[in-house]
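Report on the structure given below.
Taken together, the values in this text are just the output of simple stated rules run on the coordinates, not laboratory data. In this text the structure is predicted, and so the values were computed from the model without any measurement. Positions of Cβ are backbone-derived with ideal geometry, glycine not excepted, and every protein chain shown enters the neighbour counts.
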Amino acid sequence: MPPVAPRPRSVPSNELSAYADLVPAPVGAEPTAGVHWTLSATTAIHTHPAPVAVAVAEHLAAVLRRATGHPLPVVPDDGPGPIRLHFARDGVPEHSEGYRLDVTADGVTVAARTAAGLFHGTQTLRQLLPAEVESGTAGPGPWTVPGGYVVDRPRFAYRGAMLDVARHFRPVADILRFIDLISLYKINHLHLHLTDDQGWRIAIDNWPLLAEYGGASEVGGGPGGHYSKADYRRIVEYAATRAITVVPEIDVPGHTNAALAAYAELSPDRTSPPVYTGTEVGFSALAVHSETTYDFLHDVFTEIAALTPGPYLHVGGDEAFKVPAADYATFMARTQPLVVATGKTVMGWHQLADTAHSPGRVIQFWGTSDRDDTVADAVTRGARVLLSPANRAYLDMKYATDTPVGHDWAGLLEVRDVYDWDPGSFLAGVPESAVLGVEAPLWTESVTTMAEVELMLFPRLPAIAELGWSPAGTRDWAGFARRLAAQGPRWSAAGITFHRSPQISWPAVAGAPSAAQPPAT
Ligand code: TNX
C-alpha cells in the first residue's frame, strides 16, 4: 500500500479549487489529489542564491509572519526546506518572469530563472493558502496548502498600472501600498504621472521652483506636495523588491501649467500663469520655439533618468491643444532625442504617433475606438504599442452612475467591460507582436483618498493584469468571474476597499467583523 498523506480534520476551503481559482490564470496548474502540506511554527524558508532570492524570501516571510504569527526564518541555503525558493532552469518556463511551483507533502518549492520569477511564484503561493493569509493580524490557521503544481509565464512583457499623483498628490507610504496591491496580480510596471497643470511632483535640482512652488497645489486647492529625490529612490527600490519597474512621466508640451507658474521663461508669453486647481485640460503649453525650453527638458530628463533604473521615460504629449500640429511635430522631433541621449527609451501617449520615430519607442494608446491609422503607421516605422483604451482600461471611469468618484466620458466600465477584449487583436493594423502590453491608468481629478484609489482598482485591476499575463486561450468571462469571486475574501482579509460588482457572485464574508467588510458601492 502506498503511504497515504495525513488529512487535516476539516478540509480547508481553499483545497478543492485553489489551483483552478488563480488570478491571473496560469499557463498550467494541477492539484494532486489527497496531498497537502501545512505551514507551522517550525517552517523555515530556504533560499538561494543570496542576496537576490533572499529579498524575495524576506517579503514572503513578512506576509506570512503577519497572518500566522510564526517566526518563518529565512535560511540562505540551497538545501531542501519546507519552503524552498531557488534559481533553476529544469522544468522552468524559458522566460525571465516564469516560474514553477510544486507543493508536495514535504513542502513548497518555487523555482525560477530570476528574482522576478521567484517573486511571481510567491504571489501565486499566497493565493494557494487560505484567504486569511492576507490578514494583518495573526490567526489560528490551519495554514494548509493543497498539493499540486503550477508552471507559469506571462503573455506580454509589460503589465502596468498608472497613478496620477499630479491632480491629487499621494504621500510615499500610499505609493508603497499601491505597489503592494498591484504586485499581487503580477503587474510589473508602475507608471507615475508626475507632472500636470495642477502640480509638479518631483524635485529637480537645476529648477528647484518646479517642485517647491509648482508642487504646492492640487485639484480643489489642497496643499499638494512633491517627492524629494530620496523619496523617489525609495519608491523605485521598493518597487524593485516587488519585481516592478517605475516609469516616470513628465507630460509635455501641454499639461504644464504648474511648470509655467514656477518659471515664466518656459511660457510662450514669458508670463507666469496663476497656479491652477481646476480640472480642465489642454489650455497650457511650453514655449516650443524657445531654446530655454529645451535646456529645461534636457535638465529634467537627465535628472529623472539618473534616478530611474528602468528603460522607459514617458514624455506625455497628450492634449496639447494650444500647440499647432506643425509646432508639435517640431517639438517632439527635438524632445525625443533628449530622452534617447539619457539612455532611455521614449514612451508617450498616442498623440506622439505621427511625429518622428525614435528607436524602440512605445506609443500608449488611450483612444476609444479599435482603429487608429497613425498608430498603425507608427508600428510600421518600428514603434511598439502599450494598450490603455479608455473604454476598456481607464480605471478613473465610474462602474455605474452611482459610483461616488470618477468620470464617464469613455463610458461606465464594469469589470466585464474591462476583461472582455483581446489586447493581441484589439487595434486594426497592430499585430500582437507589436503589442508591448497593457496598462490601467488611474487619473485622480476626483479621487482624493487611498480608499477611493482602491475602490477604482478592485476588481478591475486584476482583470487588466490577467489580460496582460494569462495565455489568450484562458480568456473566458464565466471562468474569470468565478475566479475573481474567490479573490473577494482575500481583499476583505487585507482591508482592501473594493467595488462589490453585481456581475460577480461574491462569497459571503462569514464571521468577518463588520468594520473589515468592504463598503457596498
Ligand atoms: C484624458 S488620457 C487625459 C487626462 C485626464 C483623463 C481623465 C490622457 C492622456 N489625458 O489628462 O486626466 O482624460 O479621464
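Miscellaneous remarks
- Extension gain from ASP77 to THR32, taking 0.36 nm per residue of separation minus the Cα-Cα distance: 13.5 nm
- Separation in nanometres of the label points that stand 7 Å from Cα toward Cβ, at ALA508 and ALA105: 3.6
- The stretch 13-152 - charge dipole about Cα centre, Lys and Arg +1 at Cβ, Asp and Glu -1, debye rounded to 20: 260
- 3J(HN,Hα) along the stretch 155-163, derived from phi through the Karplus expression 6.51 cos²θ - 1.76 cosθ + 1.60 where θ = phi - 60°, amounts to 6, 10, 5, 10, 10, x, 10, 10, 10 Hz, with x in place of Gly and Pro.
- A Förster radius of 45 Å combined with the Cβ-Cβ distance from ALA451 to ALA325 puts the calculated FRET efficiency at roughly 0.60.
- Per the Kirkwood formula applied to alpha carbons, the chain shows a radius of gyration over Rh ratio, Rg over Rh, of 0.99.
- Considering only beta bridges that DSSP places wholly inside the stretch 158-469, some 5 percent are antiparallel.
- A full extension of the chain between SER40 and SER17 corresponds to an added length of 6.0 nm, given 0.36 nm per residue minus the alpha carbon distance.
- In a simple Cβ point-charge model (Lys, Arg +1; Asp, Glu -1; nothing else charged), the stretch 158-469 has a dipole of about 760 debye relative to its Cα centre.
- Computed over the Cα atoms of the stretch 158-469, pair by distinct pair, the Kirkwood hydrodynamic radius stands at 19.2 angstrom.
- If a spin label sat at a point 7 angstrom from the Cα of ARG126 along the line to its beta carbon, the backbone N atoms of the stretch 43-64 nearer than 19 Å would be those of 45-46, 53-64.
- Nearest-20 debye value, the chain charge dipole, Cβ charges on Lys, Arg, Asp, Glu: 1520
- Amide proton proximity set for LEU85, modelled H, under 5 Å, gap of 5+: HIS46, THR47, HIS48, VAL110
- Each peptide in 54-63, 312-321 gets a packing score, the mean of other Cβ atoms within 10 Å over its residues, and the list from highest to lowest is 312-321, 54-63.
- Restricting attention to the stretch 13-152, close to 60% of DSSP beta bridges with both partner residues there are antiparallel.
- The 3J(HN,Hα) values that the Karplus relation (6.51, -1.76, 1.60; θ = phi - 60°) gives for the stretch 105-111 are, in residue order, 5, 8, x, 10, 10, 10, 10 Hz. Gly and Pro appear as x.
- Projecting the Cα atoms of HIS189, PRO146, LEU260 onto the charge dipole of the chain (Cβ charges, centred on the Cα centre) puts PRO146 farthest toward the positive pole.
- The stretch 382-456 and the stretch 307-374 have Cα centres spaced 20 Å apart.
- For the chain, with +1 on Lys and Arg beta carbons and -1 on Asp and Glu, the positive-most of THR109, ALA378, SER470 along the dipole: THR109
- Given charges at Cβ of Lys, Arg, Asp, Glu: the chain dipole, positive-most of GLY367, LEU22, ALA41: ALA41
- Taking the DSSP bridge list for the chain and keeping only pairs wholly inside it, about 30 percent are antiparallel.
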